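Nothing in this text is a laboratory measurement; each read-out follows from the coordinates by a stated rule. Please read all numbers here as calculations on a predicted model, not as lab measurements. All Cβ positions, glycine included, derive from the backbone under ideal geometry; neighbour counts span all protein chains shown.
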Amino acid sequence: MSEALKRAAQAVVVNWAHPGELAAAVRTLALVLQDDTPPKPAPDLLDTPVCPYCGSDSVTQDATAAYNPDSGKWELVDICDTVWCNTCGRDTSRGTIPRREYEAAHR
């Protein structure tokens, strides 16, 4: 727990009986908690799907979307089997592979 978080939590406890000061202490605590959240780990780039033919990560997969009038947004309904490599133009519908596998096979 960071020092800023400890101080903010202590201020909430100390000001419990004083509503005006308590509200300010709680707001401060909320801000500190928001800043104290650990960042999400970066994705492992070696797990990025790549074309099994050329190793490019510029692959796309067809999908179907439908408009939802309740939300006012397009929503993904289905993901199709067709996958294309935008670099070499080949159909990779048999499947992409993680970059680590492509690199290991092409050393």
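Overview of results
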{"quantity": "Three-way shape label, segment 58-107, alpha-carbon gyration tensor, a/c 1.5", "calculated": "prolate"}
{"quantity": "Neighbourhood net charge (14 Å Cβ-Cβ; Lys/Arg +1, Asp/Glu -1) for R100", "calculated": "-3"}
{"quantity": "Sequence-distant residues sharing a close amide H with V50 (under 5 Å, placed H)", "calculated": "I97, R99"}
{"quantity": "Built amide H within the under 5 Å cut-off of R90, gap 5+", "calculated": "C85"}
{"quantity": "Calculated from backbone phi, Karplus (6.51, -1.76, 1.60) coupling profile of segment 80-93 in Hz, x at Gly/Pro", "calculated": "7, 7, 6, 10, 10, 8, 7, 8, 9, x, 8, 6, 10, 4"}
{"quantity": "Net charge of neighbours whose Cβ lies under 10 Å from the Cβ of W84, counting Lys and Arg as +1 and Asp and Glu as -1", "calculated": "-1"}
